[in-house]
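Peer 1: Take a look at this one; I'll ask things after.
The values are calculated or read from the model by the stated rules, or taken from the named source; none is laboratory data. Just so we're clear, the structure is a prediction, and the values are computed from it rather than from any experiment. Here the Cβ positions follow ideal geometry from the backbone for every residue, glycine too, while neighbour counts run over all protein chains shown. Each accessible area value is taken on the protein alone, full model and side chains, heavy atoms only, with ligands, DNA and RNA left out. Shrake-Rupley method; radii C 1.70, N 1.55, O 1.52, S 1.80 Å.
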Amino acid sequence: MRAIWKGAVSFGLVSIGVKLYSATEEKDIRFHQVHREDGGRIRYKRTCSVCGEEVTYDDIAKGYDIGGGEMVILTDEDFADLPLTSSRAIDVLEFVPAEQVDPILYNKAYFLEPEGTATKPYVLLRDALIDSERVAIVKVALRQREQLATLRVREGVLLLNTMLWPDEIRTPDFGFLDEDLKVRPPELAMASSLIDSMTGEFEPDVFTDDYRAALQEVIDAKVEGREVVQPEEVEEAPAAAVDLMAALKASVERAKAARGEQPARGGGGGEPTPISSARSAQKAAEKKAAKAPAKKTAAKKTAAKKTAAKKAEPAKKTAAKKAEPAKKTAARKTAPRKSA
C-alpha cells in the first residue's frame, strides 16, 4: 500500500506521527470508451466554451456560479490562505460510545500506521480505546477540506472513518409518514417470527458479487475466444395476490426450510404461538357454528316425529274400538251350534 497522507494524531499533549492509507478499494470492473469499428480510445479535449481553445491543466481554475451568468474564480492562492490550522494534524476532540455515532454519517475509511518513534504512543492510544470501549471524535483536513471523523480499532490497527457533517444528511420527507397506518398485533407477531427464523451471525465472507463474477467470466471468454454458456434460469411463476398474513406465513415456512427445519404441519406438535392459537380458536368456532344447524335440524325432526305419533294415537284407538264389535260378530258366526 502507498501512503496518501502524513501527519500526527494530537492526543492531549501527546503527538503521534502517522501515515494514512486507504482501507478500502472498489472491485468494480472498469471499461474504456472505444470506437466500435477499430477499438480506438475515445479522447476528450478540455476546451473553453467562450473562446473555443484547448486548455491545459495549468490554466484551469475553480469557479463558483453565483447565478445570472456570473462566475467567481478561485485560484490555488485563495485556497492556501484558508485557515486550515489542522492541515497536518488529527485533533482528538472527545471520546464517545461507538453506538452513539449514527452509521449514516460514515463516509470513507483509512488505516493509520505509526511513523518513526511513534509506535509506543500509538499502541497506548489503541489499547486505551479498546479498554474504554470508546471511539475518538476527531477533525482532520484532507484534500483541502476539513472533515469530521472517528478513530477506532480494527484488527489491532487505528482506523480513521471520515464522516459527513450533520447538515449533509437529508431529512426524509415522504407522504406515508403522515398517514395513520396501524399494524395489527397478529401481523407484528408473524413479522417478528420471520425475523427470528432468519436471524444468524453476520459473516461477510459468505456473500459474493455474482454480477461481477459473471461479467469477469464474459471478459475471460472473450480473451480466450470461447463461447460463454449461461445456465438456464428457472422462471418463477408470478406470485398470486395474497394478503399480508399469508405472505408472512409463507416467508416463515420458507426461511425454516432454508435452515433445514421441518415446516409446521396442521395438528402437529410444538408450542402454540399467538398466531396458531388464534387460528385454532377460529377453526373451532367455525366447526361449532357448522354443527349447530345440524343439531337444530335433528331436534326439529325428532319433535315432528313425536307430534305425528301423538296425532296418530287417537286414530289408532278409534280403529281399535271399531274393530272390537266386528271381531265379536265374526266370532259368533264362526262358533259351532250346539245340537238339541
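Peer 1: Across region 127-148, what is the number of residues that are more than 21 Å from Lys6 (Cβ to Cβ), hydrophobic (A, V, I, L, M, F, W, C) and either crowded, with 16+ Cβ neighbours inside 10 Å or in contact with a helix residue (DSSP H, G or I) (Cβ under 9 Å, 6 or more places away or on another chain) (or both)?
Peer 2: 3
Peer 1: Now for a different question. Taking region 6-30 on its own, how many of its residues are at pLDDT 90 or above and of a type in the set (Phe, Trp, Tyr)?
Peer 2: 1
Peer 1: Scan region 23-45 and report the pairs whose first residue is over 30 Å from Leu160 (Cα atoms) and whose second residue is open to solvent by less than 100 Å² (accessible area, probe 1.4 Å), with Cβ atoms within less than 6 Å and a gap of 6+ or a chain change.
Peer 2: The qualifying pairs are Gln33/Ile42; Arg41/Val34.
Peer 1: Also, I was wondering about something else. Can you tell me which residues in region 154-179 are surrounded by 19 or more Cβ atoms within 10 Å (Cβ to Cβ) and either farther than 25 Å from Pro97 by Cβ or not hydrophobic (A, V, I, L, M, F, W, C) (or both)?
Peer 2: Asn161
Peer 1: Separate question: Given the options Leu124, Leu151, name the one that is open to solvent by less than 50 Å² (accessible area, probe 1.4 Å) and of a type in the set (A, V, I, L, M).
Peer 2: The conditions single out Leu151.
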